Every structure is written in C-alpha cells, then in structure tokens.
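The values are calculated or read from the model by the stated rules, or taken from the named source; none is laboratory data. Just so we're clear, the structure is a prediction, and the values are computed from it rather than from any experiment. Here the Cβ is made from the backbone with ideal geometry for all residues, glycine too, and neighbour counts use every protein chain on show.
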Amino acid sequence: MFNAQPDRALDVSGLGKRFGARWVLRGVSLDVRRGEAVGLLGPNGSGKSTVLRIVATLLRPNAGAAAVNGFDVVREAGGVRGQVGYLAHSPGLYDDLTARENLWFAADMLGSPHAAAEATLERVGLAHVAGDRVRGFSAGMQRRLALARLILRNPRVLLLDEPYSNLDADGVALMNSVIAGILRSGGAALVALHELAPARAMLKRTCTLVAGRIEAPSPERASRDQPVPIPGTD
Amino acid sequence: MAWRDDWRRVRAIARKDLTTELRAKVGFNSVVALGVTILILLGLALGPDAQALRNAAVGAVWLATLFSGVLAFNRSFQVEIETGALEQLLQYPGPRWTIFAGKLLGNLLFVTLMVAIVVAAGIVLFGVRIPAGWPALLGVLALGIVGLVLLGTFYASMASRSRAREVLLPLLLFPMLVPVLLAATTASKALLGADLMHEAGAWIRLLAVYDVVFFIATFIAFEHVIEA
C-alpha cells in the first residue's frame, strides 16, 4: 500500500524500470508538493521521459511505487488519468484533421463542450488557423496545439516532457502562464528539461537524473527533505 | 450518465478514424484497389468459363475482403503509433473498452464501405446473378464482416506495438478467421444457388455464434492487450 502524504501531489518511491535486461531507472525517489513545479534534469537517455511515462500510467514500473494525489499509478491508473496532464515530446496530433477537429476530438473524449475547445484555441493563438490541417503546421504550432489539448484537460498535476522545445518567446511565455495557472490553483508540475533557462522562473527546485538514478546528496530520499536548489537562485 | 459519456467517446474515436482515413485518401484508395486487383487476378486465373467464374465468385470476394481488410486494420493503429497519438488516446479518462469499441465501429464502417465496392466489382467481373433471397445474402455478408472486423481490430491492437506488425497481423489473424471464411463462403454459395441441402441456416448460426463469442472475448481481453 502506498503511503501518500497529504501535501504531496506526486510521490515517487524507489522507482525502477527495465527494458529487456537493461535497467533504465533504479531506485528513483522524488516528490512534488502542491503549488510547486519541480524540474527533472539530465542528459539524453537518463530516464527522464520514462519517469514521466510511468507517472502518466503509460508504463508499468518493475520496482517501487508512485502516486498522484494519493492514486497509485498501477492499481488506480484510472484515477491517475483523471488527475494528470501529460505533454509528451511528440505532440500526438492527427495530421489529417484540422486544429479545430483535433481539439473537438479531445473535448469529446474529455466530456468538455466544443465551446471550451474554441476558447482554448483562441488562448494559444491558433484561432486563425483553426480550420487548417495539422499536417501543414510548424513544430511550434503543433506544440501550441498540444498545449491547448492539455489546457482542455484542466489537470491537477502537469507532467511536461521538454515543454519548451520548438516554442518561440511568446510560446515559452504561454507555457509558463499555463504552468503558473495550474500552480496557483493548488496543482503541481514535474518538468523534464535539457535546458533550465526557460523554466527557471517557474521551478522551485530541481533534481538530476543520471543513468537512471537521481543524482542527489545521499541518502536515497534526500531530494525530498533537502531540495536541490536551482543554481543561481535563492 | 456514464453510458452517455462512453458512447460519446466511442463515436468520437470512430468519427476521427473515418475522417482521417477518408481524408488521407491513400488509405481508402489503396485498400479498395487491392481488393479489386485481387478479384481481377483471380478472374484471369480462372479463365473465360462463365460457370466456373460464377462458382468461384463468393470465394474470390471473401478472399479480396480478407486481404484488403488486413491492410485497413493495420492502418487503423498505424496512424496512432506514427504520430504518437496512441499515448494521448490512452491518457483520456474513461474505460479502455471505449477505445476498442470506437476503433471497432470505425473499422466496421470503413470495411463495409470497402466491401460494398468489392462486392459490386465481384458481381460485374464474375457475372453473378443476384438471387431472390438477396436479403439473407446481405445478412451473411454482415455477419462475416462483423467477425472479420472484430478479430482484425483486436489483433491489430495487439500487433500495433510490434515493429513487425505488418507481418504479425496476418500470422495471428488468418488462422483465427478460418471458421468465418468457411461459414460465410458456404452460406453465401448455398444462398446463391438453390440451397437444396438446406445448409445455409446452419452456417449462418455458426457465424452468429462466432461473432457473439468473439465480441465478448475481444472486449474483455482488449484492456490487457493495450496496456504497456
């Protein structure tokens, strides 16, 4: 039984994941409290995306446990899916549908009215191309549309995988305003990043993954009690 | 109400799949082209004997449907995998069976459209005379399509995460479809002829039972198959 703390939106303990014979995560423990965003840093292949995908219930861990607002990601996956909004590295859009059709589809799946989808398109600055097929969109526009779909979910916990990639300055500001809005309403965010710069203002603390392990001041769960500060900030 | 939410999700997935496939054109066109090409090739192989062509018509149509169907089933999950959309689809709240039901409904409509063209081509190319009992023939066709699409959609979801999915799907699917093909072709042949042995009814019942059994089995198994 996972013993979730009431102030923690996300609680990961001793997480391990193996692909074939290769362990890509070993004993990863971290937490994110309500109202805060935590950065998950690390080089390519360090396991950042795997952590996010496990928390998003897209992968099952081989060891350890994780919970989102008290819902166990394995045993209560349905509950977790109602809490999280996962922005993957790939936008996951349908190229032959228009921007509007992509969002209407998301709205139908979520039980939201189409009017909400239209308002979200306006918010992310894609209303003028709502009737265009996604196939012709730039990577940045696809990112904005994926963000619109995320906003539509109204998640309590954001799981963001390289959220700033392909975004221009306005896009970065938009992304940060979305994250800030979720945090203000008592939500939380775990953000996997290569570069800290665009997210610096948003993150309360960071932890670094190296070769599937949290690089933190030992012991194992030190990242919980002794948050690693962002270099150059108080 | 929960069932309304589930039905809305099912419709949304089916509508999205159909729109994507019909708009992409390459999907529908290639599937139909394959079906008609198979009919033409089989017609050429059988030669000019009109009676031999009529006798082989039912088998030829079902073979063309089977091969074209495999192409369609593969595509229905290929779009999700290639764009990374499957992960997003799995992230939506609600029961997983709604994803299967949506895919199933989309494939049913798509394959029915494809079969309508293949059957029309078969009637023309093989010189089939439409019998008085054609509604029963349509019933056999419908039951056969349901069996084909049920297993095709299920095994396509199973093979979708494999890199060898194009090879894996027919290997998994064809042996399981032997009863459907046998029952559908035998019943159709009986209905096209005089059905002197009164055998059509038994084969139609077998088709119906097959559909019911695999409808229940695939819906139960899908959640386990689609989980990572």
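Can you find even one residue in the stretch A:107-121 that is more than 19 Å from the chain's Cα centre (by Cα) and in contact (Cβ under 8 Å) with a residue 40 or more places away in the chain?
Just the residues of the stretch A:107-121 that are more than 19 Å from the chain's Cα centre (by Cα), to begin with: A:107-109, A:111-119, A:121.
Next cut, in contact (Cβ under 8 Å) with a residue 40 or more places away in the chain only: A:107, A:112.
There is at least one residue in the stretch A:107-121 that is more than 19 Å from the chain's Cα centre (by Cα) and in contact (Cβ under 8 Å) with a residue 40 or more places away in the chain.
Given the residues B:34, B:104, B:63, B:109, which is the only one that is within 15 Å of the chain's Cα centre (by Cα), surrounded by 20 or more Cβ atoms within 10 Å (Cβ to Cβ) and away from chain A (no Cβ under 11 Å)?
Sole residue among the options that is within 15 Å of the chain's Cα centre (by Cα), surrounded by 20 or more Cβ atoms within 10 Å (Cβ to Cβ) and away from chain A (no Cβ under 11 Å): B:104.
Just the residues that are on the phi < 0 side of the Ramachandran plot, surrounded by fewer than 17 Cβ atoms within 10 Å (Cβ to Cβ) and more than 8 Å from chain A (Cβ to nearest Cβ), please, taken from the stretch B:2-31.
Hits for the stretch B:2-31 are B:2, B:3, B:4, B:6, B:7, B:22, B:26, B:29, B:30.
Tally the residues that are assigned to a helix (DSSP H, G or I), within 8 Å of another protein chain (Cβ to nearest Cβ) and either surrounded by fewer than 22 Cβ atoms within 10 Å (Cβ to Cβ) or modelled with pLDDT of 95 or more (or both), restricting the search to the stretch A:80-103.
Here the count works out to 1.
Considering only the stretch A:194-209, I want to know if a residue exists there that is closer than 23 Å to residue A:40 by Cα and free of Cβ contacts under 8 Å to residues at least 24 places away in the same chain. Lay out the reasoning, then the answer.
The first filter runs over the stretch A:194-209 and keeps only residues closer than 23 Å to residue A:40 by Cα, leaving A:194-209.
Then keep just the ones that are free of Cβ contacts under 8 Å to residues at least 24 places away in the same chain; that gives A:197.
Within the stretch A:194-209, one or more residues are closer than 23 Å to residue A:40 by Cα and free of Cβ contacts under 8 Å to residues at least 24 places away in the same chain.
Out of the residues in the stretch A:55-72 meeting the condition of being at pLDDT 95 or above and β-branched (Val, Ile, Thr), tell me which one is farthest from residue A:92 (Cα to Cα).
A:68
Is it the case that residue A:132 is within 8 Å of chain B (Cβ to nearest Cβ), free of Cβ contacts under 8 Å to residues at least 60 places away in the same chain and out of contact with any Phe, Trp or Tyr (no Cβ under 8 Å at 6 or more places or on another chain)? Break it down stepwise before answering.
Values: within 8 Å of chain B (Cβ to nearest Cβ): no; free of Cβ contacts under 8 Å to residues at least 60 places away in the same chain: yes; out of contact with any Phe, Trp or Tyr (no Cβ under 8 Å at 6 or more places or on another chain): yes.
Judged against the criteria, residue A:132 is not a match.
What pairs can you find where one residue is in the stretch A:43-57 and touching a residue at least 60 places away in the same chain (Cβ under 8 Å), the other is in a helix (DSSP H, G or I) and crowded, with 21+ Cβ neighbours inside 10 Å, and their Cβ atoms are less than 7 Å apart, with a gap of 6+ or different chains?
Qualifying pairs under 7 Å: A:56/B:91.
Under the condition of being in a loop (DSSP other than H, G, I, E, B) and under 25 Å from residue B:18 (Cα atoms), which residue from the stretch A:104-127 is nearest to the other protein chains (Cβ to nearest Cβ)?
Restricting to residues being in a loop (DSSP other than H, G, I, E, B) and under 25 Å from residue B:18 (Cα atoms), the top hit is A:111.
For the structure I just gave you, tell me whether residue B:156 is touching a residue at least 12 places away in the same chain (Cβ under 8 Å), in contact with a helix residue (DSSP H, G or I) (Cβ under 6 Å, 6 or more places away or on another chain), over 30 Å from residue A:75 (Cα atoms) and assigned to a helix (DSSP H, G or I).
no
Quick check on the stretch A:42-65. Is at least one of its residues more than 14 Å from every other protein chain (Cβ to nearest Cβ), crowded, with 20+ Cβ neighbours inside 10 Å, of a type in the set (Lys, Arg) and within 14 Å of the chain's Cα centre (by Cα)?
Scanning the stretch A:42-65 turns up at least one residue that is more than 14 Å from every other protein chain (Cβ to nearest Cβ), crowded, with 20+ Cβ neighbours inside 10 Å, of a type in the set (Lys, Arg) and within 14 Å of the chain's Cα centre (by Cα).
Within the stretch B:125-161, how many residues turn out to be loosely packed, with under 14 Cβ neighbours inside 10 Å and under 19 Å from the mean Cα position of the chain (by Cα)?
1
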